[in-house]
């Protein structure tokens with residue numbers, strides 16, 4: 001193994017260390033914000049007269065959506081191109097939306113009761 005000079009080590013730290021620290025900080029802060037948002041959404045549903053299964057479904061939907069957004073943000077901070085994963089997630093969202101389009105009136109009636 002060759003001797004690494006201090007300049008080379010600092011170059012590696014600057015190149016890889018700073019984005020890694022930024023990604024870690026974004027993940028920690030994002031996870032904390034997601035917990036607060038989910039807690040607020042649960043409180044909002046607890047005050048309403050929503051069906052318990054609808055509450056769980058919507059809270060999980062919001063939770064997973066925010067977590068996926070956070071993961072894509074962290075990966076983007078590390079310098080990875082995120083265009084393709086974002087397109088795949090958008091296509092999956094479209095597919096789920098089309099699959100649930102017949103169920104939406106049922107969910108609306110359930111939430112209005």
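The values are calculated or read from the model by the stated rules, or taken from the named source; none is laboratory data. Please read all numbers here as calculations on a predicted model, not as lab measurements. Reconstructed Cβ throughout: ideal geometry from the backbone, glycine too, with neighbour counts over all protein chains shown.
Some values worked out for this structure:
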| quantity | calculated |
| --- | --- |
| Subset of the stretch 29-78 [part of a helix (DSSP H, G or I), over 30 Å from residue 15 (Cα atoms) and in contact (Cβ under 8 Å) with a residue 12 or more places away in the chain] | 37, 38, 41, 42, 45, 54, 55, 58, 59, 62, 63 |
| Which listed residue is closer than 25 Å to residue 100 by Cα and loosely packed, with under 12 Cβ neighbours inside 10 Å, from 52, 14 | 52 |
| Odd one out for residue 77, checked against (1) within 25 Å of residue 39 (Cβ to Cβ); (2) at pLDDT 85 or above | (1) |
